[in-house]
Amino acid sequence: MYPNVLSDLPTWGRPPPFAVPPTYMKRPNAPLVACLLVAVARAASAQSDATFAPVPPHQLTIFAGATQSARLEATASPRTFGGPGISAALDYRGTMGSLWTVGASVGAGYRRLSPLDGPKSGTQQLFDGDVRASLMRRLSARSGFSVGLASTTNYTYTEHRYPEPTGRVSHFVFGATALGPAVAYSRSVGRGAVGVELSSPMIGMVSHPYSDNRTGDGLSRIRVATAADLRGVNGTLRYAPPMKGDWGMVYAYRFNLLDYKDLQPVRSASHSLSIGITRRLGGER
Amino acid sequence: MKAVRFATIAALASLAACGDALVGPAASTDRGSLFDDLWRQVDLHYSFFTLKRINWDSIGNVYRPQALAAKSDAEFAGVAGRMLNELKDAHVSITPAGGGTIRYRARFELEPTFFDARRVFQRYVAEGAPAAGTHIRFGKIAPSTGYIYIPSFLGTGWAGEVDAALAALGNVTRMIVDVRDNGGGTNALALDIAGRFTDRTRTFGYMRRRSGPGHDDFTGFNDQTVSPAGPAQFTGPVFVLSNRHSASSSEDFVRAMSAMPHATIVGDTTAGAAGGPIVRELINGWTYQLSEWIEYTLDRATFEDVGLAPDVLVKATAADADPILERAIALASR
């Protein structure tokens with residue numbers, strides 16, 4: 001899905017004593033954020049007569065979906081791995097007054113990846129989980145445009161099987177908690193609603209051990225990361241058809257980009273399509 | 001209609017940005033890139049640069065032109081192997097696709113040990129028999145003395161064979177555990193087996209891992225411990241037989257047993273392979289292994305290239321007898 005994604009490794013650590021032309025990774029988030037923000041802002045400004053999509057006081061949704069991702073965990077391998085996976089999430093949204101919206105979700109996923117670079121030997125299995133929370137404020141009571149803060153905590157456990165004949169299995173972990181700005185836009189479409197959400201980390205804490213995971217080796221470390229070393233974008237495009245009573249469906253397309261700048265960087269790009277069953281817990285029908 | 005237009009614009013903008021940002025240049029597998037990646041990863045992770053006084057920069061300078069001049073993968077593998085051999089470390093190797101591991105032959109590996117397991121079972125073990133599995137052999141050397149031979153610690157999950165052996169040996173009061181010519185394997189397994197001989201958790205040494213790009217960047221001293229394992233533990237006098245080919249995880253086993261007051265190490269000094277290996281891979285799928293941590297004895301001395309001295313030193317000879325085992329039998333009969 002993402003041929004050669006994020007494959008140009010940077011020069012890490014001290015420079016070698018021999019001349020090596022430096023390579024630089026393209027920063028995925030900057031153009032992406034710019035493009036999407038422009039798209040959202042244009043849409044928002046063009047939709048001054050947009051139909052306001054009311055949010056119920058409480059809404060709970062269970063999602064299940066399929067994921068496609070590409071990932072470089074340089075602590076494990078210089079190769080980029082990619083492949084399909086599955087994900088599930090429990091999502092809560094609610095309103096506080098006429099302007100504020102809170103959101104929270106807990107998700108988990110499993111991915112089985114194979115190399116996108118070089119020979120096809122070797123595999124990665126990823127077990128990941130995330131907890132997200134957001135606090136958004138509408139620009140006005142009738143506006144579909146919101147700004148706010150979003151926090152994301154994610155943890156990925158990677159089981160990396162090296163190519164045969166070695167076939168050795170090592171385990172790697174990566175965890176990050178980050179807080180950053182978020183924007184969202186929603187509006188009614190017929191009797192349903194469509195929404196776009198974007199968030200990006202500004203500051204956070206990252207746990208990325210220097211090498212593979214072993215109990216009691218004292219290698220775990222947590223460092224504060226700023227936007228200079230922890231870059232990313234989380235985005236969601238969702239469509240909710242008209243609800244039937246308190247129940248309804250939600251279709252969501254999500255993408256996540258992460259670039260953790262380290263001696264041994266972690267970069268990942270994933271997108272998923274999910275279907276959710278939602279239950280309205282209050283408000284007008 | 002406007003909504004559809006909006007969604008389409010957003011999706012297209014997203015996809016366009018993704019396409020531009022995510023599709024980078026193809027991963028480079030030219031020999032220069034492969035060599036540089038290998039050199040850097042060793043530079044970032046290898047644990048014995050300072051201890052072995054290795055100038056890795058200089059070694060890189062020497063071998064890089066040779067790697068660039070290599071006319072085939074096999075020739076390149078040879079250059080990479082020779083570069084890694086400069087580390088003079090039994091835990092360091094490179095395995096090109098298709099096999100054919102290139103590794104350093106340590107000095108201890110060239111020394112004869114005169115150990116012959118078949119001779120032991122023919123001449124000394126009265127009731128020699130294989131265990132329920134295939135990883136160990138055991139029997140009785142005397143009515144009160146059991147003997148367990150562990151040729152390797154490779155693999156996982158077979159420590160229960162030692163439980164079966166201990167149960168089958170019944171009421172012996174002395175035990176000889178033979179790890180001569182045992183080149184190691186999985187240290188967790190070695191410690192699991194050592195746990196069959198301890199009544200409580202004991203610290204037997206320390207380890208430090210590389211924790212940063214500097215050659216002296218290490219974690220602190222982390223305790224290495226052995227804890228009781230298995231349904232029952234043998235806590236009578238134990239005599240552990242070692243020699244110059246007892247290496248790596250086998251040395252973990254010897255150190256763990258040394259921490260037990262009822263254990264005596266008999267034989268020759270061990271190999272001195274004190275590095276803990278990790279596996280990595282190159283972009284072309286070749287794998288390599290290197291020492292990433294250093295193990296220490298209880299007095300915080302490393303035994304890399306030195307080995308662990310036994311409590312009772314006995315040198316093997318080319319003669320037909322087995323002086324190490326005979327000394328252990330004599331000690332056990334006291």
Of the numbered conditions (1) away from chain A (no Cβ under 14 Å); (2) open to solvent by 50 Å² or more (accessible area, probe 1.4 Å); (3) acidic (Asp, Glu), B:Asp192 fails exactly one; give the number of that condition.
(1)
Residue in region B:215-233 that is farthest from B:Thr156 (Cα to Cα), counting only those that are among the hydrophobic types (A, V, I, L, M, F, W, C) and open to solvent by 30 Å² or more (accessible area, probe 1.4 Å):
B:Phe218
Which members of region A:260-285 meet the condition of being open to solvent by less than 50 Å² (accessible area, probe 1.4 Å), assigned to a strand (DSSP E or B) and either over 20 Å from A:Val183 (Cβ atoms) or of a type in the set (Gly, Ala, Ser) (or both)?
A:Tyr260, A:Val266, A:Arg267, A:Ser268, A:Ala269, A:Ser270, A:Ser272, A:Ser274, A:Gly276, A:Thr278, A:Arg280
Looking at A:Arg231, is it over 30 Å from B:Thr225 (Cα atoms), under 15 Å from the mean Cα position of the chain (by Cα) and open to solvent by 30 Å² or more (accessible area, probe 1.4 Å)?
yes
Would it be correct to say that B:Tyr46 is surrounded by 16 or more Cβ atoms within 10 Å (Cβ to Cβ) and within 14 Å of chain A (Cβ to nearest Cβ)?
yes
Residues in region A:66-82: is at least one buried (at least 18 other Cβ atoms within 10 Å of the Cβ), touching an Asp or Glu at 6+ places or on another chain (Cβ under 9 Å) and away from every other protein chain (no Cβ under 13 Å)?
no
Give the residue that is farthest from A:Thr101 (Cα to Cα), with candidates limited to residues of region A:195-217 that are in a loop (DSSP other than H, G, I, E, B) and open to solvent by less than 50 Å² (accessible area, probe 1.4 Å).
A:Asp217
List the strands (runs of 3 or more DSSP E) that sit entirely inside region B:224-334 and contain at least 1 residues that are within 14 Å of another protein chain (Cβ to nearest Cβ), more than 30 Å from B:Phe35 (Cβ to Cβ) and under 21 Å from the mean Cα position of the chain (by Cα).
B:287-296
Condition first: open to solvent by 70 Å² or more (accessible area, probe 1.4 Å), touching a Gly at 6+ places or on another chain (Cβ under 6 Å), at pLDDT 90 or above and within 14 Å of chain A (Cβ to nearest Cβ). Can you find one or more residues in region B:146-154 that meet it?
yes
By residue number, the members of region B:170-188 that are open to solvent by less than 10 Å² (accessible area, probe 1.4 Å) and not in a loop (DSSP other than H, G, I, E, B) are B:Met175, B:Ile176, B:Val177, B:Asp178
Do we find that B:Ala77 is farther than 18 Å from B:Gln289 by Cα, open to solvent by less than 10 Å² (accessible area, probe 1.4 Å) and assigned to a helix (DSSP H, G or I) in this structure?
no
Quick check: anything in region B:99-115 within 14 Å of chain A (Cβ to nearest Cβ), open to solvent by 60 Å² or more (accessible area, probe 1.4 Å) and under 17 Å from the mean Cα position of the chain (by Cα)?
yes
Considering only residues that are in contact with a Lys or Arg (Cβ under 6 Å, 6 or more places away or on another chain) and closer than 15 Å to A:Lys261 by Cα, which ones fall in region A:214-233?
A:Asp229
For B:Phe115, state whether it is touching a residue at least 40 places away in the same chain (Cβ under 8 Å) and among the aromatic types (Phe, Trp, Tyr).
yes
Inspect region B:80-93 for any residue being under 25 Å from A:Ser121 (Cα atoms) and part of a strand (DSSP E or B) and give the result as yes or no.
yes
Of (1) open to solvent by 30 Å² or more (accessible area, probe 1.4 Å); (2) under 30 Å from A:Ala74 (Cα atoms); (3) in a strand (DSSP E or B), A:Ser220 satisfies every one except (3)
Checking the conditions here, which among A:Gly109, A:Gly85, A:Gly97, A:Gly103 is touching a Lys or Arg at 6+ places or on another chain (Cβ under 7 Å), more than 14 Å from chain B (Cβ to nearest Cβ) and more than 20 Å from A:Arg279 (Cβ to Cβ)?
A:Gly85
For B:Gly212, all conditions in the list (1) surrounded by fewer than 23 Cβ atoms within 10 Å (Cβ to Cβ); (2) in a strand (DSSP E or B); (3) not charged (D, E, K, R) hold save one; what is the number of the exception?
(2)
Here are some residues: A:Thr158, A:Thr153, A:Thr123. Which one is surrounded by 18 or more Cβ atoms within 10 Å (Cβ to Cβ) and polar (S, T, N, Q)?
A:Thr158
Within the set of pairs 6 or more residues apart or between chains, which connect a residue that is at pLDDT 95 or above inside region B:229-254 to a residue that is of a type in the set (Ser, Thr, Tyr) and part of a strand (DSSP E or B) with Cβ atoms less than 7 Å apart?
B:Phe239/B:Thr264; B:Val254/B:Ser242
Can we say A:Val250 is more than 10 Å from chain B (Cβ to nearest Cβ) and open to solvent by less than 30 Å² (accessible area, probe 1.4 Å)?
yes
Quick check on B:Leu51: is it touching a residue at least 24 places away in the same chain (Cβ under 8 Å), over 28 Å from B:Ser249 (Cβ atoms) and open to solvent by 40 Å² or more (accessible area, probe 1.4 Å)?
no
Any idea which of B:Arg180, B:Arg196, B:Arg174 is at pLDDT 95 or above and touching a Phe, Trp or Tyr at 6+ places or on another chain (Cβ under 6 Å)?
B:Arg180
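The values are calculated or read from the model by the stated rules, or taken from the named source; none is laboratory data. Quantities reported herein were computed from a predicted structural model and do not represent experimental measurements. Every residue, glycine as well, gets a Cβ built from its backbone with ideal geometry; the counts of neighbours run over all protein chains shown. These area figures cover heavy atoms from the full protein model, side chains too; ligands, DNA and RNA do not enter into them. Shrake-Rupley method; radii C 1.70, N 1.55, O 1.52, S 1.80 Å.
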